[in-house]
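Quick note: the coordinates plus some simple rules give every number you see, no bench work behind them. Quantities reported herein were computed from a predicted structural model and do not represent experimental measurements. For neighbour counting, all protein chains shown are included, and Cβ atoms are generated from backbone atoms with ideal geometry for every residue, glycine included.
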Amino acid sequence: MSELRELSPGRLAWLRFRRHRLAMIAAGVLVVLYLLAMFCEFMSPYTPQQRNARAINAPPMDIRFFDAEGQFHLRPFVYDLELTINPDTWMREYEENTSIAYPIRFFARGEPYEFWGLFEADRHLFSVDPDGSGYIHWFGTDSLGRDMYSRVLYGARVSLSIGVVGVGLTLFLGVLLGGFAGYLGGMFDSAVQRMTEVLQSIPTLPLWMALSAALPAAWSPITTYFGVTIILSLFGWTTLARQVRGRFLAMREEDFVIAARLIGANDTRVIFRHMLPSFTSHIITTATLAVPAMILGETALSFLGIGLRAPVVSWGVLLQQAQNYQVIVMTPWLLLPGAFIVITVIAFNLLGDGLRDAADPYSSLREQ
Amino acid sequence: MSEILTVTDLCKSFSDQPVVNSVSFGVRESTTLGIVGESGSGKTTLVRSILRAIDPDSGTVRYNSRKGWQDLHSLSPKELLPLRREIQMIFQDPFASLNPRMTVQAILEEPLIIHGIGDKESRKQRVAAMLEKVQLEPSSASRFPHAFSGGQRQRIGIARALILEPRLVICDESVSALDVSVQAQILDLLASLQSELGLTYLFVAHDLRVVREFCDEVLVMYAGNVVEQGPVEEVFNNPQHDYTRLLLSAIPSPDPDEKLEPLARDGLQLEKV
Ligand SMILES: Nc1ncnc2c1ncn2[C@@H]1O[C@H](COP(=O)(O)OP(=O)(O)OP(=O)(O)O)[C@@H](O)[C@H]1O
Ligand SMILES: [Mg+2]
């Protein structure tokens with residue numbers, strides 16, 4: 001008990017967060033996703049543009065421990081796929097050829113890649129024997145024979161980082177403009193207020209479309225990436241700015257802030273030592289809840305063909321391939337990036353809920 | 001004794017509603033001036049205007065500092081800084097007035113850091129000495145405010161106000177939020193610190209019995225105006241103003257058999273100043 005008394009509010013919040021089971025699971029899922037995205041060159045068995053002419057539109061391959069005779073193998077393996085043309089429908093169909101098995105090798109050599117653009121490497125977390133005869137596509141392949149799992153991981157890097165970079169920019173704009181509006185008041189406050197009202201009254205999707213259409217098609221993928229991020233965050237900061245402003249206005253009158261001024265603290269000290277710290281938990285929560293909106297924004301733009309464009313790989317770009325009903329009927333595994341989007345968005349929302357409850361134990365009571 | 005603070009014609013309105021209306025008074029050094037009045041009569045606004053936590057509309061606040069008389073409201077923030085050391089405030093709400101994210105050590109050290117007093121080691125000693133003075137355990141320093149009771153937090157607030165060794169301390173209902181026994185302890189503490197350090201108190205209060213016990217002089221406020229002021233015994237024994245009489249008649253008597261006098265509130269006529 002006496003130890004509990006010495007805990008900082010931050011430690012107490014962490015203890016409360018740990019009790020939030022769903023949020024803990026969500027945090028775990030996100031950590032895995034972000035690790036996969038960060039090290040996607042190594043984590044994926046192929047590079048995103050690598051084609052496998054022997055497996056076009058191949059369905060996901062099953063990873064097996066038991067062979068056709070029911071015998072157990074310690075090393076997992078996949079069966080070769082045999083292409084058949086259905087004589088009635090003329091459709092390409094794949095069937096497992098149980099006479100050829102490709103054992104999975106860990107840390108195997110494969111397609112060379114440049115890791116983070118820093119150094120050359122050719123090790124992959126898992127692959128099959130690198131002699132070129134075997135292949136493994138456990139998420140299937142697309143119409144050009146490219147490995148979907150590798151493409152989902154490379155896409156994750158772009159989509160997940162847009163979420164974080166975009167939210168970073170949003171936070172910066174929101175805290176800066178909202179903070180000054182709340183602290184300074186007067187003319188600056190009115191100007192920021194009017195600006196947020198105007199921005200909030202414009203429906204976002206048509207506006208995004210208009211701005212994205214204005215991005216020159218000749219831009220390099222990386223410039224387009226930043227262009228899209230800026231467009232997304234340019235309209236995201238208003239909500240946060242309003243919240244920060246409101247909090248600053250209210251907090252300016254709080255006793256402990258007045259107390260700080262009365263012992264002689266100057267504005268900088270009051271803002272950074274007393275006001276912002278009691279606001280960080282709120283900022284973190286808001287940021288967490290804002291990431292999915294960014295990711296969905298990127299996906300929506302790319303899906304409509306006005307955000308990122310191939311050869312850049314993002315989840316939105318991948319889903320663009322899955323735009324017609326033929327895909328849904330015949331190659332439904334091309335929708336897997338959609339599942340990743342759903343999981344990511346849900347995980348961020350659960351995490352945000354957990355953080356909010358941990359940071360402010362009374363908020364859930366207040367909302368009832 | 002000489003005066004330490006002189007307030008003249010202080011006025012403050014909020015949206016054209018006068019809240020403090022031309023208030024004047026003086027406080028003598030090492031005495032306690034009580035300010036009483038009902039809720040909303042402008043007591044907080046008055047004392048916060050003195051400290052420049054609120055900008056008053058007009059009036060002067062003159063303070064007799066260690067370096068002579070100063071007009072608090074004509075000083076630049078830089079010139080004001082050394083005077084902040086001499087005038088401190090103890091807040092009403094012991095829960096709201098301490099930064100929940102700072103340890104007691106950090107809270108008590110901050111005034112010393114701002115005023116550039118001592119080095120790390122000597123500041124630590126000063127904090128420890130101050131904690132002892134307000135009767136808190138030395139181990140309190142590493143804890144956060146949430147780990148203390150209301151009375152203990154109020155002691156932390158007192159320690160923060162006194163660590164700069166001020167001469168004038170403004171207590172805005174500093175004991176109102178505490179229960180009676182803790183109230184008595186804190187008042188004893190304030191009184192002993194006064195006799196030890198020669199402090200001057202400006203003591204805002206609701207509870208007239210506390211004022212009678214604790215203050216030397218009293219100022220009665222009603223709707224932003226000072227309706228009566230003078231030595232406590234005089235005002236309490238021989239109130240000149242109807243409003244003061246009304247306030248005094250509202251003090252519950254310790255004798256349960258005594259009949260309550262009907263409050264003549266409705267018939268009360270107050271001439272507006
Ligand atoms: N910032 C403000 N803006 C507008 N009105 C205010 C503001 N601060 C105080 N008031 C008004 O001024 C009046 C006096 O308030 P004040 O807090 O000074 O009263 P008080 O005597 O300290 O009351 P209490 O005993 O309840 O603390 C109240 O009617 C209040 O509504
Ligand atoms: Mg008050």
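Structural remarks
- Per-residue ³J(HN,Hα) for segment B:12-26, Karplus 6.51 cos²θ - 1.76 cosθ + 1.60, θ = phi - 60°, Hz, x for Gly and Pro: 8, 10, 10, 6, 6, 9, x, 10, 10, 10, 6, 8, 10, 6, x
- Chain A - Debye-derived log10 I(q)/I(0), Cα point model, q = 0.06, 0.08, 0.12, 0.14 Å⁻¹: -0.32, -0.55, -1.01, -1.21
- Note on A:Gln326 and B:Asp119: their simple-model spin labels are 8.1 nm apart, each label 7 Å out from Cα toward Cβ.
- Helical runs assigned H by DSSP (4 residues or longer) give chain B a calculated mean residue ellipticity at 222 nm of -10000 deg cm²/dmol, each run adding -39500 (n - 2.57) before division by the residue total.
- Fewest-first ranking of A:Ile263, A:Ile85, B:Ile113, using other Cβ atoms within 10 Å as the exposure measure: A:Ile85, B:Ile113, A:Ile263
- Net length gained if the chain between B:Ser149 and B:Ser76 were fully extended (0.36 nm per residue, minus Cα distance): 22.5 nm
- Measuring between alpha carbons in the structure, the pairs from B:Lys43/B:Lys133; B:Lys43/B:Lys120; B:Lys12/B:Lys78; B:Lys67/B:Lys120; B:Lys67/B:Lys124 lying more than 32 angstrom apart are B:Lys43/B:Lys120.
- Point-to-point label distance, A:Phe115-B:Glu165, nm (Cα→Cβ direction, 7 Å offset): 6.3 nm
- Estimated FRET transfer efficiency when R0 is 56 angstrom, pair B:Ala191-A:Val342 (beta carbons, to 0.05): 0.25
- Label point distance in nm, A:Arg18-A:Thr204, each placed 7 Å from Cα along Cα→Cβ: 3.5 nm
- Cα lying deepest toward the dipole's positive end in segment A:45-146, options A:Gly110, A:Thr98, A:Ala121, charges on Cβ: A:Ala121
- Phi-derived couplings, Karplus 6.51 cos²θ - 1.76 cosθ + 1.60 at θ = phi - 60°, listed residue by residue for segment A:274-285: 10, 7, 4, x, 7, 10, 4, 4, 5, 5, 4, 4 Hz, with x used for Gly and Pro.
- Test item: Cα-centred dipole of segment A:108-165, Lys/Arg +1 and Asp/Glu -1 on Cβ, debye: 260 debye
- Scanning chain A for chymotrypsin sites (Phe, Trp or Tyr not before Pro) in DSSP loops with at most 13 neighbouring Cβ atoms within 10 Å leaves A:220-361 as the longest stretch between them.
- Whether segment A:45-146 is rounded, prolate or oblate, judged on the alpha carbon gyration tensor where a/c under 1.5 counts as rounded: oblate
- Along chain A, counting only GluC sites (Glu not before Pro) with a DSSP assignment other than H, G, I, E or B and at most 16 other Cβ atoms inside a 10 Å radius, the longest segment between sites is A:70-252.
- At R0 = 56 Å, FRET efficiency that the Cβ-Cβ distance of A:Ala217 and A:Arg252 yields, to 0.05: 0.70
- Between 0 and 90°, nearest 10: helix A:9-18 axis offset from chain A longest Cα axis: 30 degrees
- Rg over Rh, two decimals, segment B:97-163 (C-alpha only, Kirkwood Rh): 0.92
- With the charge dipole of chain B set up from +1 on Lys and Arg Cβ and -1 on Asp and Glu Cβ about the Cα centre, the Cα lying farthest toward the positive end among the listed residues B:Val226, B:Pro100, B:Val204 is that of B:Pro100.
- Summary value for chain B: 24 percent relative contact order, contacts being C-alpha pairs under 8 angstrom separated by 6+ residues.
- Fully extending the segment from A:Glu82 to A:Thr268 would add 60.0 nm, taking 0.36 nm per residue of separation and subtracting the current Cα-Cα distance.
- Here the protein assembly as shown carries DSSP beta bridges of which approximately 70% are antiparallel, counting only pairs with both residues inside.
- The distance linking segment A:15-93 with segment B:91-139 is 59 Å (Cα centroid to Cα centroid, whole angstrom).
- In the elastic network of chain A, a GNM with C-alpha springs shorter than 10 Å, the most mobile of A:Arg75, A:Arg245, A:Arg309 is A:Arg75.
- Cβ-placed point charges (K, R +1; D, E -1), dipole of the protein assembly as shown about Cα centre in debye, nearest 20: 1220 debye
- Cα gyration tensor shape of the protein assembly as shown, rounded if a/c is under 1.5, else prolate or oblate by comparing a/b with b/c: prolate
- Amide proton proximity set for B:Leu5, modelled H, under 5 Å, gap of 5+: B:Val27, B:Asn64
- Between B:Thr31 and B:Tyr201, the built amide H atoms are under 5 Å apart, and every one of these is 5 or more places off in sequence or on another chain.
- If a spin label sat at a point 7 angstrom from the Cα of B:Arg209 along the line to its beta carbon, the backbone N atoms of segment B:219-235 nearer than 19 Å would be those of B:232-233.
- Principal-axis tilt of helix A:204-214 within chain A, Cα atoms, nearest 10 degrees: 70 degrees
- Relative to the longest principal axis of the Cα atoms of chain A, the long axis of helix A:336-359 lies at roughly 30 degrees.
- In segment B:1-97, the trypsin sites (Lys or Arg not before Pro) that fall in loop regions by DSSP, at most 15 other Cβ within 10 Å: B:Arg66, B:Lys67
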